[in-house]
Each structure stands twice: as structure tokens, then as C-alpha cells.
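Everything on this sheet refers to the single structure shown next.
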Amino acid sequence: MLKDITIGQYYPGKSPIHHMDPRMKIVITFAYIVMLFVAKNAWGFGVGIAFLIAAYLISGVPGKMALKSLKPIIPIVVFTTVLNMFFIDGNPLWQWGFLKITDKGISMAIMMAIRIVCLIAGTSLLTYTTSPIVLTDGLERLMSPLKRIKVPVHELAMMMTIALRFIPTLIEETDKIMNAQKARGADLESGKLLQRVKALIPVLIPLFVSAFRRADELALAMECRCYRGGEGRTRMKQLKMHGRDVVSALVTTVCIAGVIVLNIFIRPIF
Amino acid sequence: MSVIKTEHLTYTYNGGSPFEKVAVDDVNLEIEQGELVGIIGHTGSGKSTLIQHFNGLVKPTAGKVYIDGRDIWENPKDIRRIRFQVGLVFQYPEYQLFEETVYKDIAYGPTNIGLSKEEIDERVREAAMFVGLRESTLEKSPFELSGGQKRRVAIAGVIAMRPEVLILDEPTAGLDPKGRDKILGQIKQYHEAQKNTVLIVSHSMEDVAKYCQKALVMNQSKVFLYDTIENVFSHTEELSAMGLAVPQVTRIFHALGARGVEVNPDIFTVEAGREELLKLLAAHHVRKGGAARA
């Protein structure tokens, strides 16, 4: 059933990483991405991988989850690896007609593969350890300086929160409507593409109607509770930086500095 | 022959995961052709899951469902045919309407069967008549109707398929008392006119007592009782323990009986209660009057 699809990939836990300030987690994730792209030799990547493994160990998120997040990008990894392997010039190690594999090609291919894998596993850790609501909260606070240039930050965050809140509701609704139409003999499973698209109309129209109705009701309920946008709005849960946030910021800074130093003193891969 | 029969019907949600939940537990049932059955039980007692087995929307985890003596999952590709045979009206069915006009919406089911235009027209008008929709309403958009009327349209949409068995999941939820009586009255009329089998899921003991011939009581995923109204409501204490109160008027008569007043305990509707009380008063009057004269 549709209900079984999980939305978001929050993995509940009580680790220090779960308790970190979402703003710091977002910033560190970005810093980590930068670190991956700054690294130019094996030692630099070693630091990147060690950082990732340490973070996963502290978070208590099982490695299986990390692998799960990597599943959808396997084709991309394979594709870039193959491209890099065959199309980078260097000392040919193997040649067959126009196809050749060079030493540079191989090292480049390995590097790109590591980069993509670390990138996805790292950003997934952010969503594994931060619930969607907290994440939007953190994003709102991080982007709040943009309010000065009239970016409706609060409104965007509110929209995101509401959208997340309604995904499960709408999925349940879709399930119900699909069953109701099936009970009237709708055939949603067979037929050609065009027929299938047509067969979805009896599901989509009621779904839209009820989504609009819900939106209307929600707007009314919010107005009844005197919602008037983000201006002067206080929060029940204040975001606060703690010792762990400072420590993790320091560790990240040291790692990035380390990667840069390694770049200077050790010959890059290519 | 029984029109619906189940054998060891069991359904488990999220089987194998830590969230496993048995929704229907080893249900053995036989519902005869032509009966009007009320299905009662708590929220979460498995009523809705059970009825979705009868038209093949849910596939049993274990056990069998027979409609007219045929195992409905014998040929899974043929399952759509069962849906025309057993019409199911969901809870709040007004949210399934989608066509431009009421007429087209009621015609959706019959069109899916693949009937001729004349046949569809005949069935739409007949179904509209059963639920009390006017000719002029047929050309309106379903979205401009009132909530009660929308629900009638949705019920007509299932009736128009002329199912052998009609199942309604809480057809009166969210309606006012007048709308409730009207819809249930129309369902009863439909049942009497068509002589087919009708199953009504309800929370209201009063409604079941008033309109149905038999009652099926579900408790904690199992069938607790399936019997005539009289026999079901004689289990007052067990039903109360389940949190399912028997009709108020029945409770009054049971209490009267407990206090030594000689009344018939099988009173389920206010009308029958009135009759019984009038009889009692008349007898009392005769006795009193006779005593005074003597």
C-alpha cells in the first residue's frame, strides 16, 4: 500500500549528533562538501572518509542506513567512473582500438567515486539525525539575514513545514480514494500508458478538491489562532548552541585545515 | 446457499515487521441471501478491514472468502468482476465524486462494467430514484450540492452497478438525525424492493436495532456474535463490557424488569417501547379500576 512509503528519512536517536543545533549541522554539512572538493590527494580523502565514519559511529545510525542512501546513486557512480577511466589522458596502461585506460584515468575515477559516495552519505547523515521540522527551523534561522533583501524566509519555512505535515495525510487520502474508485470498478493497474493516465482522473480530481478544502480549513484555523506571519513571532523551542556544537565546529575546521595543509605538502594525485 | 462465506479469514497489517497488527482474526461467517445485517464494533475492531475483504479490495493473509460459493481469489485477474457483484460504499463517500455532472458520476460504475448506453441510462435513473434524487439534480455539478445530497449521489453510484450485495461503511457518519433517518430509510426501502443482501456498518445500536434483521458484533478483530437482533441484544452485559451500549430504550426495559415490573425485555426501538408501556399502563389501569370498584 501507499501508506508503507516512508517520508523523510529521520532515524530517531539520542546521540550527541541528534541533539546538535540544526544550524550547526547544516553549516558543517556544507563545510564537509567543500572539504571533499578541496581534497586533492589520497591523504585528504583519508581525512574525509575518517570524518564520515566517525560521524556515523557517534550518531549511532547503522551503516546499513548509509548504504541504503547510496543505493539510488549507484548508476551515477558507475557512469562517472567509467567516463573518467576511459577519457582522461595520461600514460596508457591498456589499449584496445580507441579505448584506453590511463594511470591518471584510474586515479581520477577512484577519486570521483569516493567524492560522490562521501557526499551522499554525509548529507544523508544530516537528514537521518534531524527531523524534517527541526531541519526547516534551522534553515529558517540560517537564512534569516536574507530578510533584509526582502526574501520571505519565514513564509518559505512555514510552507515547507506545512507541506511536510500534509504528505502523510494526502497519501492516506489517495489510498482511500483509490479504493473507493476501485470499488466502483476502476481499473488502475492494467492497460496502456494513456489508458492508465486517464484512469487516474477519478483519483486526482477528488484528491485536488480535498487538498484545496484542507488548505482552506487550515488557513482558517491559523487565522483563528491569530497567525499573522513571522513578524514578532517567538518560538517555544529556542535554538541554542551548546558545547557539542562548538566542539564539532572546531573539529571540522581542523579537518579542513588539515586537508589544505596536506594539499600543499603532498603531491596531488594528478 | 449463503451469499458471503468466509473460512478462517485472517488479515495482518505490516506482517513480519515490529508494527505487525492483526486486523481480522480467524473469522468464520455465513451471510444468507436477502438479509439486512448491521455490523457493529469499536473503532479499530476490524469492521472496515473485514468488509473490504468481501469485494476483494484487501487480500486475506490467510483463509478464504466465498461469494456465491466461489472463492474470489481463485483467479486474481478476475477480481474486478467481484467488485461489481459486491458493491461497497466507503465512509464519507462524497469525497470520491469527480465528474462534471451528477448523472455522469452515477454512471461511472455502470460504464466500467461496459454496459450499453440505454442500460446505463436506465440504471442511473433507477439508482437516483432509490436515494431520492430529483431529475433536475442529475444535470447539476456534484460539487455544488449539500453534504447530504453528495452522499446520496455517491451511494447511487454504487447502487447503479446493481450489486448482489450492497455494503455501506457508516453511511450516516456526520449527518444530522433527520438526514440519518432518511438515508437509512431509503436503504431499507431499497433492500425491500430489490430483495438483495445489504450490510450496514454502524456505531449506533439504535440504528441497527431499528433497521436491521441481524447484527454482527466485532470485538478485538474477532466476530463476537452473529445473530438476530433479539439474541444479540440479550447479551447486554457482555456488550456493555465491550463498551458497546445496547439501545437506551432496551436498557430502560431491562432495568424495569430487574425491579420486578413485568415487561417484555426484547424492546429495541422507541416505538416498540411505547406500545409496551401503553399495554402495561392499560393492564395497570384495569387492575386498579377493578380494585376500586370492588
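Here are a few things to note about the model shown:
- Considered as a group, the residues in segment B:144-161 that are assigned to a helix (DSSP H, G or I) and aliphatic (A, V, I, L, M) include one that is nearest to the other protein chains (Cβ to nearest Cβ), and that residue is B:158.
- Scanning segment A:158-204 for residues that are within 10 Å of another protein chain (Cβ to nearest Cβ), more than 23 Å from residue B:78 (Cα to Cα) and crowded, with 17+ Cβ neighbours inside 10 Å returns a single hit, A:173.
- Once segment B:208-235 is narrowed to residues that are outside any loop (DSSP other than H, G, I, E, B) and touching a Ser or Thr at 6+ places or on another chain (Cβ under 7 Å), the residue that is modelled with the lowest pLDDT is B:233.
- Across segment B:110-143, the number of residues qualifying as free of Cβ contacts under 8 Å to residues at least 12 places away in the same chain, surrounded by fewer than 16 Cβ atoms within 10 Å (Cβ to Cβ) and not in a helix (DSSP H, G or I) comes to 3.
- Test: residue in segment B:189-201 that is assigned to a helix (DSSP H, G or I), outside the structural domain of residue B:88 (by TED's automatic domain parsing) and surrounded by fewer than 12 Cβ atoms within 10 Å (Cβ to Cβ): no
- When A:213, A:235 are checked against the criterion of being within 22 Å of residue A:158 (Cα to Cα) and outside any helix (DSSP H, G or I), A:235 stands alone in meeting it.
- Residue under evaluation residue B:179, criteria (1) in contact (Cβ under 8 Å) with a residue 60 or more places away in the chain; (2) touching a Ser or Thr at 6+ places or on another chain (Cβ under 9 Å), criterion not met: (1)
- Elements of type strands (runs of 3 or more DSSP E) in segment B:29-109, at least 2 residues being under 26 Å from residue B:217 (Cα atoms) and within 9 Å of chain A (Cβ to nearest Cβ): B:86-89
- Sole residue being assigned to a helix (DSSP H, G or I), modelled with pLDDT of 90 or more and surrounded by fewer than 17 Cβ atoms within 10 Å (Cβ to Cβ), chosen from A:28, A:33, A:17: A:33
- If you go through segment A:119-157 and keep only what is among the aliphatic types (A, V, I, L, M), within 25 Å of residue A:231 (Cβ to Cβ) and surrounded by 14 or more Cβ atoms within 10 Å (Cβ to Cβ), you end up with A:133, A:134, A:135, A:139, A:142, A:143, A:153, A:156, A:157.
- Candidates B:63, B:34, filtered to the one that is in contact with a Phe, Trp or Tyr (Cβ under 9 Å, 6 or more places away or on another chain) and surrounded by fewer than 19 Cβ atoms within 10 Å (Cβ to Cβ): B:63
- Residue match in segment A:79-97 (condition: out of contact with any Gly (no Cβ under 8 Å at 6 or more places or on another chain), polar (S, T, N, Q) and surrounded by 16 or more Cβ atoms within 10 Å (Cβ to Cβ)): yes
- Qualifying positions in segment B:258-278 - closer than 12 Å to residue B:210 by Cβ, in contact (Cβ under 8 Å) with a residue 24 or more places away in the chain and not hydroxyl-bearing (Ser, Thr, Tyr): B:268, B:273
- The listed residues are B:94, B:100, and the only one of them that is touching a residue at least 12 places away in the same chain (Cβ under 8 Å), acidic (Asp, Glu) and within 13 Å of residue B:155 (Cβ to Cβ) turns out to be B:94.
The values are calculated or read from the model by the stated rules, or taken from the named source; none is laboratory data. Everything numeric here is computed off the predicted structure, so don't read it as measured data. Cβ sites come from the backbone with ideal geometry, for glycine too, and all protein chains shown count toward neighbours.
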